[in-house]
Amino acid sequence: MTPFSKPSVRLRGLILVPLLVALGCGRTAEVTGKATLNGKPIASGSVTILAADSMTYSGQLNEQGEYQIFDVPRGSAKVSVASPDPSKLAAGMSAVKKSKTPAVPASTPAGWFPIPAHYADFATSGLRLEVQGGVNNFDIPLVGPPAKK
């Protein structure tokens, strides 16, 4: 038999497939969704996942409250949602950055509102997720009174 015969090709396949699996092929996933408070989209902030590998993975919230987080390991995870006042963040960054460029004006984007602080902590958010392979849709319908500004 020649080196390119069918048994040789099958043998390579039998070796290659387990090797790809062992190297982690398919062990991560994408998590997408929408974060709301009492049905209203959370227009600024981030969603963070404390994954099964004890690492954190984050995605930014857009004005519709939507987020995407890539390469999250499969398994049990804890989730937090934070939405700090964007005007205070911009002011803080301007104070820290010492340059000749003008400071970013402190403003709050339309639609932003504070959310209860306990959602920003993995230990108190109460948000859990079982990350499966592929794309995971995880909408986050938070409830409670908005935090005071």
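The values are calculated or read from the model by the stated rules, or taken from the named source; none is laboratory data. Remember, predicted model here, so these are calculated numbers, not experimental data. Note: ideal-geometry Cβ built from the backbone for every residue, glycine included; neighbour counts use all protein chains shown.
Run residue 85 past the list (1) of a type in the set (D, E, K, R); (2) modelled with pLDDT of 95 or more; (3) surrounded by 13 or more Cβ atoms within 10 Å (Cβ to Cβ) and report the number of the one that doesn't hold.
(2)
Please pick out the residue among 77, 91, 95, 123 that is farther than 19 Å from residue 63 by Cβ, in a helix (DSSP H, G or I) and at pLDDT 85 or above.
The match here is 123.
Which of the residues spanning region 53-77 are surrounded by 16 or more Cβ atoms within 10 Å (Cβ to Cβ), over 12 Å from the mean Cα position of the chain (by Cα) and among the small types (Gly, Ala, Ser)?
Scanning region 53-77 gives a single hit, 65.
Does residue 110 satisfy being of a type in the set (A, V, I, L, M), at pLDDT below 60 and surrounded by fewer than 16 Cβ atoms within 10 Å (Cβ to Cβ)?
No: the conditions fail for residue 110.
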